[in-house]
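Let me begin by presenting the structure, written as structure tokens, before commenting on it.
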Amino acid sequence: MTQVISAIISGVLLALPFCDGRLWIFAWFGFVPLLFALRGVSPKRAFLFSYITGIVFWAITIYWLVHVTLLGQIILILYLSLYFGAFGFIVSRSKFSFTFHLSPFTFFFIPSLWVLLEYLRAHLLTGFGWAFLGYSQYLNLPIIQIADIAGVYGVSFLLMLTNVAIWEMLLRVKGQGLRVKERKIWLFSFFVLFVFSLGYGCYKLSSFTLYPSPLTLKVSVIQGNIPQELKWAPGMKGVILNRYLELTRGAAIDKPDLIIWPESSNPGFVGEDEGIFREILDSAAFVKTPVLIGTVIKEENDYFNSALLIDAQGEVAGRYDKLHLVPFGEYIPLKKMLPFLEVVVPIGDFTAGKEYTLLGLQRTEVRFAVLICFEDTVSKLSREFVKRGADFLVNITNDGWYKDTSAPYQHLSASVFRAVENRIPLVRAANTGVSCFIDTKGRISGRVAEGNKDTFITGYRSREITLNKSPSIYNFAGDWFVLCCVLGACCGIITKIFTKK
């Protein structure tokens, strides 16, 4: 019973930073109760205890999904918790990690295993790159700067490493843990790694920059705040359109270089509601400012979740179709083979885009890329866009599905990491959510807000962004750190096996 309680406590502690990003400290020791629960138990029980931790963690973290689908939420929680279960099972099977005296290898094997499981979760079955351990630190700016070297996985590794270190020190109090000589080696290694990460972060946050850029761009973001139940309601198209046109005229007073509307902000379908689309084009020409809009585009029997760039003359200057669709949200996997799956989340059936399209502004050489909705959780998309020459990233989204919950802030955390990983500015425009500006160091500014509230409000915000994109190891080498974790864990296991023999 004690082990079950420990597993539940871990699930709660790990979920707290995702309920409120200011509680990031709990991620540094949230795994400790679970690690105690796993010590000395069979692999089956280790799987069970870890699975319980996963269920508690995911039930708290994605509680907001119930506003979209209860059945889908339950299925997703049960599936995602399997990664926690696999973690406990593998750690327990690796008996060399849980003998009376711990091996120094344990402290690198466990974090490496967790990183591998996060990577698999982000890619299997189209992937779910949400609520990584590293994302819990998006407000802890000094620590997350190492993301430009190792990505969010590097931050996850450091957090898990610290959890294991705290666990070892507590074991030592009980007369267990590492032997004295091994403990000194381990503590020195941990100290060096932690100090390097913190020192590197402080250096990056300093005002000094190796690649200064005088080029700035003024951008306005629009937050329409259209309730989800009214988004496609009959008779609401005119009301929604007028709200966006009014906000656009207000933003145009600031004389921005670009005005950004959120995802699916066009209340009609391009290719179907041409009268509405014509009004949007005329509005861009009236304010003499390029406008980026989120819209659904219909082409014969296909529907695309897209972003259209309209130039200052009211003509379409570019189009991006969403590449990474959300399963059960924008398409139904295996729909023809298993038609009953359509009842899980009966939202839509979109066609995925095929090209990494960059959009450009007239009279400048500035190019930018659009990440629609959850695409900012897919790190490889941002990397590829930046490698192709994007000077800044734009995330347009609609987090109104999830009501007034922690979901918009969990989504925001992914955008912060994409900016830091690639050392590139990122601008967010949400129907409701967090519409803001993120600089290359992950600092959030210019929120569309009323007082302390930045969700479920209507408004716009204009701000200058500095296009000081600089090279990053992560953008160049990608997920090399994950590969190192895999190779290190495998080599350690093989070495341990042969040493025992």
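The values are calculated or read from the model by the stated rules, or taken from the named source; none is laboratory data. Computed from a prediction, not measured in an experiment: that's the story for all the values here. Cβ coordinates were reconstructed from backbone atoms using ideal geometry, including for glycine residues, and neighbour counts include every protein chain displayed. These area figures cover heavy atoms from the full protein model, side chains too; ligands, DNA and RNA do not enter into them. Shrake-Rupley method; radii C 1.70, N 1.55, O 1.52, S 1.80 Å.
For the range 396-405, the Karplus equation 6.51 cos²θ - 1.76 cosθ + 1.60, evaluated at θ = phi - 60°, returns couplings of 10, 8, 9, 9, x, 4, 9, 6, 8, 10 Hz by residue, with Gly and Pro reported as x.
Sequentially through the range 243-260, phi angles give Karplus couplings (6.51, -1.76, 1.60; θ = phi - 60°) of 5, 5, 5, 5, 5, 5, 5, x, 5, 5, 4, 6, 6, x, 7, 7, 10, 10 Hz, Gly and Pro residues having no value and appearing as x. Couplings 3J(HN,Hα) of the range 150-166, computed from phi: 10, x, 4, 5, x, 5, 4, 4, 5, 5, 5, 4, 5, 4, 5, 5, 5 Hz, in residue order, whole Hz [Karplus 6.51 cos²θ - 1.76 cosθ + 1.60, θ = phi - 60°; x for Gly and Pro].
Using R0 = 22 Å, the C-beta based FRET efficiency linking E246 and R278 works out to 0.80.
In units of the compact-protein estimate 2.2 N^0.38 Å, the range 1-150 shows a Cα radius of gyration of 1.04.
Considering only H123, C485, G54, and ranking their Cα positions along the charge dipole of the chain that arises from unit charges at the beta-carbon of Lys, Arg, Asp and Glu, the one farthest toward the positive end is C485.
Exposed loop sites, defined as chymotrypsin sites (Phe, Trp or Tyr not before Pro) outside DSSP H, G, I, E and B with at most 12 other Cβ atoms within 10 Å, are absent from the longest region of the chain, namely 209-501. For I260, the residues whose modelled amide H falls within less than 5 Å of its own, excluding neighbours fewer than 5 places apart on the same chain, are S220, V221, I222, L292. Solvent-accessible area assigned to carbon and sulfur over the chain amounts to 64 percent, based on a 1.4 Å probe.
Averaged over its residues, the range 25-168 has an accessible area of 31 Å² per residue, based on protein heavy atoms and a 1.4 Å probe. Taking 0.36 nm per residue of separation and subtracting the Cα-Cα distance, full extension of the segment from L124 to C484 would add 127.6 nm.
Just how large is the dipole of the chain about the Cα centre, in debye to the nearest 20, putting +1 at every Lys and Arg Cβ and -1 at every Asp and Glu Cβ?
2560
Summing +1 for each Lys or Arg and -1 for each Asp or Glu among the other residues whose beta-carbon sits under 11 angstrom from that of I372 gives -4. Its Cα gyration tensor gives the range 249-296 an equivalent ellipsoid, and the semi-axes of that ellipsoid, as √(5λ) in whole Å with the largest first, are 20, 12, 7.
What pairs in K403/K453; K354/K387; K322/K469; K255/K288; K255/K441; K298/K322 have C-alpha atoms more than 20 Å from each other? Beyond 20 Å: K322/K469; K255/K441. Helical runs (DSSP H, four residues minimum) scored at -39500 (n - 2.57) apiece and divided by the length of the chain put the mean residue ellipticity at 222 nm at -15000 deg cm²/dmol.
When both bridge partners sit in the chain, DSSP labels roughly 60% of those beta bridges antiparallel. Label separation (L205 vs K354): 4.6 nm, computed from points 7 Å beyond Cα along the C-beta direction.
Local charge sum around L139 (other residues, Cβ-Cβ under 12 Å, Lys/Arg +1, Asp/Glu -1)?
Around L139, the charge tally is +1.
Choose one of A285, L325, S306: the residue whose Cα lies farthest towards the positive end of the charge dipole of the chain (beta-carbon charges +1 Lys, Arg; -1 Asp, Glu; about the Cα centre). Sorting the options by dipole projection puts first L325. If you model the chain as an ellipsoid using its alpha carbon gyration tensor, with each semi-axis the square root of five times an eigenvalue, the axes come out at 43, 25, 19 Å, biggest first. Of the residues F109, L158, S264, the one whose Cα sits farthest toward the positive end of the charge dipole of the chain, with +1 on the Cβ of Lys and Arg and -1 on the Cβ of Asp and Glu, is F109. Per residue, the accessible area of the range 363-501 comes to 38 Å² when a 1.4 Å probe rolls over the protein heavy atoms.
Counting Lys +1, Arg +1, Asp -1, Glu -1, what net charge surrounds G275 among other residues with beta carbon under 15 Å of its beta carbon? Residues near G275 contribute -2 overall.
In this structure the amide hydrogen of R319, modeled in the peptide plane, comes within under 5 Å of the amide hydrogens of L309, none closer than 5 places in sequence on its chain.
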